1. State the number of residues belonging to the stretch 98-118 that are open to solvent by less than 70 Å² (accessible area, probe 1.4 Å), free of Cβ contacts under 8 Å to residues at least 40 places away in the same chain and assigned to a loop (DSSP other than H, G, I, E, B).
2. Counting only residues that are assigned to a loop (DSSP other than H, G, I, E, B), within 21 Å of LYS98 (Cα to Cα) and touching a residue at least 24 places away in the same chain (Cβ under 8 Å), how many does the stretch 54-83 have?
3. Evaluate the following for ALA3: is it of a type in the set (A, V, I, L, M, F, W, C) and either assigned to a strand (DSSP E or B) or open to solvent by 30 Å² or more (accessible area, probe 1.4 Å) (or both)?
4. I'd like to check something: does the stretch 23-31 contain any residue that is exposed (fewer than 12 other Cβ atoms within 10 Å of the Cβ) and over 11 Å from the mean Cα position of the chain (by Cα)?
5. Report whether or not TRP38 is surrounded by 11 or more Cβ atoms within 10 Å (Cβ to Cβ), in a loop (DSSP other than H, G, I, E, B), touching a residue at least 12 places away in the same chain (Cβ under 8 Å) and not β-branched (Val, Ile, Thr).
Amino acid sequence: MSAPSPAERQERIEKLADLIEDIRICMFTTVDTDGKPWARPMAVQEVAFGGDLWFFTSDDSEKVQHIERNRKVGVAFAHPKRQDYVTMAGTALVVKDKQKAEEMWSEPLKAWFPKGVDDPHLR
């Protein structure tokens, strides 16, 4: 199976964007050191999907420890009323970028990060 052309890749991204555009919670799966998958609900940040998904997390979370050992992850979305179900596999990267955090920040995130974008553990 060959890699998609740039036009085919863009078409696939646009299709995925349509399918997941109003689904805010997904199941994010990492792999532990013993090879077991760990899935947990995560809120996708409301930015236009261009092939990357963005999440907020803390640098001391288990998911970050998993990603530091194995960057392969999975994400699953479901919209049962529309019968839309999407799974994606990819490579995770833990990013510390205050400017990006400010760009995507929303008030509900204060429940997890009371210090806001100045939280030293925010990733």
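1. Residues flagged as open to solvent by less than 70 Å² (accessible area, probe 1.4 Å), free of Cβ contacts under 8 Å to residues at least 40 places away in the same chain and assigned to a loop (DSSP other than H, G, I, E, B) within the stretch 98-118 amount to 1.
2. Of the residues in that region, 6 qualify.
3. Criteria met by ALA3.
4. no
5. no
The values are calculated or read from the model by the stated rules, or taken from the named source; none is laboratory data. Remember, it's a predicted structure, so these values are computed and weren't measured experimentally. Positions of Cβ are backbone-derived with ideal geometry, glycine not excepted, and every protein chain shown enters the neighbour counts. Surface accessibility is based on the protein's heavy atoms, side chains included, excluding ligands, DNA and RNA. Shrake-Rupley method; radii C 1.70, N 1.55, O 1.52, S 1.80 Å.
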